[in-house]
Amino acid sequence: MKTSKSTLIDNPIIICGPCSAESEEQLTTIASLLKPCKIDYFRAGLWKPRTMPSSFEGVGEKGLPWLKRIQKDFNLKVCTEIATPYHIEQCLEYDIDALWIGARTTSNPFSMQDIAESLKGVEKTIFVKNPLNPDIKLWIGAIKRLKKAGINNIVAIHRGFSLYDNGKYRQTPLWKIPVELKREFPELKIICDPSHIAGKREYILELSQMAMNIGFDGLMIEVHNNPNEAKTDALQQITPYDFIHLINNLIVPQRNDTINNASLNVLRQEINEIDNIIINSLAKRMNISKEIASIKEENNLTVFQPKRWQEILEKILLNGEKQGLTKDFMKEIYEIIHQESIKTQNSIINKSNNYKKE
Ligand code: PEP
Ligand code: MN
């Protein structure tokens, strides 16, 4: 982890381990491979909330002694997901260090109330994931229920939201929502779970770095000794080796708890995303322009078509104006785009003419 020298506050909280505990040997292998890295909690899901009852639903309480062994043999704090008072009772019996509440549970006020009541007087750290749908009130409500039950060690986890279209990710990271949550609870630590946002291991690094840039207080990352064979979330888990590499290369900027800073970072992130959209759109436009070049050539049309250019210009000036963009600005941008199209079409047609001559 590369931290800026002027960092005044603690290092990020790092939680890692498999999505699900599969066997005692699997947990031991992962924990041994993670030894070179300083981690705050070792995670492993015992009770897995699955959509289909035919899917692997976790080993349940059978895995509690396994976690206990990891805690003792590797001197690691361990954590697992709880969703019912029974899970809590079992975890307390085995003195599991911390518990997390999954996205599906946070969405359900009845479950949250039962959990809050069962946790009364418990002094463990409770991690609360965001609900599946982007309803900040459910997240706030879940945290308030825990606070009302006297739980003070609460940490929120942003694990992305389920939208109709999640783009390249499995869940959409709506960075504004955790920033809003921080406004509601200024003292609350919020970490990011890039694994469930990504859905694919190739995006874990970029999301982890984004989270650090925005100012999150830590990361929860799924790590498996043999990710492809994992019984749950196989595509998004990374090997301990890749995890160590990720942590060593993570740049942790000076984190400042002020909301202003977080807001600035979120806005910058949005600008980056919009820039990507602009670049993709320009590339798409240029590809269409190339296709048009062939049609112009077949029909013996000139590359520059003044009437069409006039039509484009009028349209974009009008649309731009409606969006508050000045005519000068729009004209300047579109002249550059149009010039580039003409240059590209010319070179395509010239190449093809030369080819025909040969
Ligand atoms: C998990 O952490 O393995 C999990 C099931 O998470 P979520 O509740 O975010 O889907
Ligand atoms: Mn998982």
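Grab the Cα-Cα distance for Phe56 and Lys144, subtract it from 0.36 nm times how many residues apart they are, and report the gain in nm with one decimal. Don't skip to the end; give the middle numbers.
Values: separation 88, 0.36 × 88 = 31.68 nm, distance 3.22 nm.
Answer, rounded to one decimal: 28.5 nm.
Taking the Cα centre of the stretch 111-267 as origin, work out the dipole magnitude from +1 charges on Lys and Arg Cβ and -1 charges on Asp and Glu Cβ, in debye rounded to 20. Each step should come with its number before you reach the end.
Working: 19 positive and 17 negative charges, 81 e Å.
Value, rounded to 20: 380 debye.
What does the net charge come to around Asn276 if you take all other residues with beta carbon closer than 14 Å to its beta carbon, with K and R at +1 and D and E at -1?
Numbers: positive: Lys168, Arg268, Lys284; negative: Glu206, Glu270, Glu273, Asp275.
Residues near Asn276 contribute -1 overall.
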Q | Nearest 10 degrees, 0 to 90: helix 240-249 Cα axis against the chain principal axis | A | 60 degrees
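Report in % the part of the accessible area of the chain that belongs to carbon and sulfur, leaving out ligands and nucleic acids; probe 1.4 Å.
Values: 10160 of 19440 Å².
Answer for the chain is 52 percent, counting heavy atoms of protein chains only.
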Q | Separation in nanometres of the label points that stand 7 Å from Cα toward Cβ, at Ile342 and Leu188 | A | 5.6 nm
Q | Under 5 Å, built H, 5+ apart or other chain: amide partners of Gly45 | A | Ser20, Ala21
Q | Difference of contour (0.36 nm per residue) and Cα-Cα distance, Lys322 to Glu273 | A | 15.3 nm
Q. Lys35 versus Asn166, label points 7 Å from Cα toward the beta carbon: distance in nm?
A. 3.6 nm
Q.
Check which residues have an amide H placed less than 5 Å from Thr125's amide H, if you skip close sequence neighbours.
A. Leu99
**Q.** Under 16 Å between alpha carbons - lysine pairs in the stretch 123-225 that sit 8 or more apart or on different chains
**A.** 19
Q: Report ³J(HN,Hα) in whole Hz for each residue of the stretch 160-166, in order, from the Karplus equation J = 6.51 cos²θ - 1.76 cosθ + 1.60 where θ = phi - 60°; Gly and Pro get x.
A: x, 10, 8, 10, 4, 10, 9
Q: Give me the aspartates and glutamates in straight-line cross-link reach of Lys327: C-alpha distance below 13 Å, same-chain residues under 8 apart excluded.
A: Glu314, Glu335
Q: Quick one: work out the % antiparallel among DSSP beta bridges in the chain, nearest 5.
A: 5 percent
Q. Once the Cα gyration tensor of the chain is found, what semi-axes does its equivalent ellipsoid get, as square roots of 5 times the eigenvalues, in whole Å, sorted largest first?
A. 50, 24, 19
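Hey, what's the per residue convex hull volume over the C-alpha atoms of the stretch 1-124, in cubic angstrom? If you can, show how the numbers build up before the last one.
Details: hull volume 17.7 nm³, N = 124.
It is 143 Å³ per residue.
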(Q) Output wanted: per-residue J couplings in Hz (rounded whole) for the stretch 268-284, from phi through Karplus 6.51 cos²θ - 1.76 cosθ + 1.60, θ = phi - 60°, x for Gly and Pro. (A) 5, 4, 4, 4, 4, 5, 5, 4, 4, 4, 4, 5, 4, 5, 4, 5, 4
Q.
Can you tell me, using C-alpha contacts under 8 Å and at least 6 residues apart, the relative contact order of the stretch 263-357 as a whole percent?
A. 36 percent
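Accessible area per residue, 1.4 Å probe, Å², for the chain: what's the number?
Values: 19440 Å² over 358 residues.
On a per-residue basis, 54 Å².
What translational diffusion coefficient, in µm²/s and rounded to a whole number, does the Stokes-Einstein relation yield for the stretch 229-358 at 25 °C and a viscosity of 0.890 mPa s, taking the hydrodynamic radius as the Kirkwood radius over Cα pairs? Present the calculation step by step, with values, prior to reporting the outcome.
Values: Rh = 19.8 Å.
Translational diffusion coefficient: 124 µm²/s.
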**Q.** Virtual spin-label span in nm between Lys290 and Lys137, 7 Å along Cα→Cβ
**A.** 5.0 nm
Q) Relative to the longest principal Cα axis of the chain, at what angle does helix 109-118 sit, 0 to 90 degrees, rounded to 10? A) 30 degrees
Q: Would you list, by chain and number, the aspartates and glutamates whose Cα falls below 18 Å from the Cα of Lys120, excluding same-chain residues fewer than 8 positions away?
A: Glu81, Glu89, Glu93, Asp95, Asp97
Q. Considering amide H positions built from the backbone, and no H for Pro or chain starts, which residues 5 or more places from Ile221, or on another chain, come under 5 Å of its amide H?
A. Ile15, Cys16, Gly17
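The values are calculated or read from the model by the stated rules, or taken from the named source; none is laboratory data. Note that the structure is a prediction, hence the values are computed from the model and not measured. Neighbour counts are summed over all protein chains in view; Cβ atoms, including those assigned to glycine, are modelled from backbone coordinates with ideal geometry. These accessible areas exclude ligands, DNA and RNA; they are computed on the full protein's heavy atoms, side chains included. Shrake-Rupley method; radii C 1.70, N 1.55, O 1.52, S 1.80 Å.
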